[in-house]
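Here is the structure we will look at, set down as structure tokens.
The values are calculated or read from the model by the stated rules, or taken from the named source; none is laboratory data. Quick caveat, the model's predicted, so the values are computed rather than measured. All Cβ positions, glycine included, derive from the backbone under ideal geometry; neighbour counts span all protein chains shown.
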Amino acid sequence: MNHMYNLAIIGAGPAGIATAVESYMLGIRDIVLLEKDVNHNSTIRKYYKENKRVDKDWKGQKVELDGRIYFVDGTKESTLDFFDEIIDNHSVELQTHSEVQSIVKKTDVHEQEYFEVSVGERVINARYVVVTIGRMGKPNKPEYKIPPSLKKKVGYTLEGCEGGESVLVVGGGDSAIEYAVDLAALNEVSICYRRETFRRANPTNQRNISNAIMHKELQAILGVDIHGVEDDAGRVKVLFNEKEPMSFDRVIYAIGGTTPSAFLASSGIKEEDGKPVHDENYETNISGLFVAGDITQESGGSIALGLNHGYAIACFIQSKV
Ligand SMILES: Cc1cc2nc3c(=O)[nH]c(=O)nc-3n(C[C@H](O)[C@H](O)[C@H](O)COP(=O)(O)OP(=O)(O)OC[C@H]3O[C@@H](n4cnc5c(N)ncnc54)[C@H](O)[C@@H]3O)c2cc1C
């Protein structure tokens, strides 16, 4: 039989790293952290712009940290450095390029339960498993079809934005506002949101977007829905409800992520109302199998919330081993 880990964690974002580090600090050993990408924190690397301000109280939610990881406001770069440091200082076995496909519960010859975690052709065995794969693996996409010819002009991150373009950002949350305000320094930017105000965003972002609109650094198209996009000789023609179409060089959707339902189903984790079912210890319907971080939240969580989930799970597992 393969090596038996005490704990396997799927996804090396803030929640996964916190689960590993807090568990280690509580004396649990033999922990493996499996990450599908080339490095930890692929959501932060792909979706945060360079030098982005990272707020501990994201989306205006004040979170008191429960565990021993001391996380404070910073930037994208300082946050990644912080996670590098805590991984290194707590002997976390991080395996990158390790995309998990499924988790199956088994019983060994001593009637002890364990999990088989499938990573491509490999199988990793562990007594406990925590799924922290987030929601940004599949960003929310519009319901209408994007013509294939516009693939390079329509996206979900800032990839490809080099400046000097007319850009439409779709969405009204913190990420959309931060993208729009940042892009406005080098582009002609509009932001389209189906509601009339940006009240969902945190106070700093509300202030930043109001200032940018007031100083005509960008244009806000509020209370308007989009029902389609068309190729307009290489530009993106946006079809608004109750408003004349407009064409842009680029359109960026910043409308959150989706629950990885196929992954949950393939591992037997029940889902209700778009979220995996779990109890107060984040244990799912399968005992010994946990979920933490953004995956437990309907419309995205925060780094601090993920850290707290990791700590809670570490305490619970420690009480069992
Ligand atoms: C643009 C933007 C700005 C934000 N700004 C802030 C902010 O300022 N402050 C804040 O607190 N929060 C912010 N957030 C939210 C924050 O990034 C998330 O709440 C946080 O990253 C969630 O952590 P997580 O560990 O649950 O998931 P994630 O960070 O999404 O990490 C999941 C990890 O799992 C990996 N993975 C996925 N599938 C598999 C698989 N099958 N096998 C192995 N690995 C897998 C992914 O590659 C990824 O590394 C922002 C989000 C966005 C999109």
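Quick rundown of the values:
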| item | result |
| --- | --- |
| Evaluation of K275 against (1) assigned by TED's automatic domain parsing to the domain that holds A184; (2) at pLDDT below 95 (one fails), failing number | (1) |
| Residue match in the range 36-45 (condition: more than 9 Å from the ligand (Cβ to nearest atom), in contact (Cβ under 8 Å) with a residue 40 or more places away in the chain and surrounded by 15 or more Cβ atoms within 10 Å (Cβ to Cβ)) | no |
| Neighbours by Cβ (under 7 Å, 6+ apart or cross-chain): first from the range 197-225, surrounded by fewer than 14 Cβ atoms within 10 Å (Cβ to Cβ); second of a type in the set (G, A, S) and modelled with pLDDT under 95 | P203/G60 |
| Qualifying residue in the range 52-63 (condition: under 20 Å from the mean Cα position of the chain (by Cα), under 24 Å from M25 (Cα atoms) and surrounded by 15 or more Cβ atoms within 10 Å (Cβ to Cβ)) | yes |
| Scope the range 145-183; condition crowded, with 21+ Cβ neighbours inside 10 Å, among the small types (G, A, S) and at negative phi; matching residues | G172, S175, A176, A180 |
| Test: residue in the range 275-288 that is among the small types (G, A, S), within 15 Å of the ligand (Cβ to nearest atom) and out of contact with any Lys or Arg (no Cβ under 7 Å at 6 or more places or on another chain) | no |
| Filtered residues of the range 266-321 (kept if touching a residue at least 40 places away in the same chain (Cβ under 8 Å), part of a helix (DSSP H, G or I) and either more than 26 Å from K59 (Cβ to Cβ) or of a type in the set (D, E) (or both)) | S266, D294, I317, Q318 |
| Qualifying residue in the range 162-179 (condition: over 26 Å from L305 (Cα atoms) and modelled with pLDDT under 95) | yes |
| Search result, residues across the range 93-141 that are over 24 Å from the mean Cα position of the chain (by Cα), surrounded by 15 or more Cβ atoms within 10 Å (Cβ to Cβ) and free of Cβ contacts under 8 Å to residues at least 60 places away in the same chain | E116 |
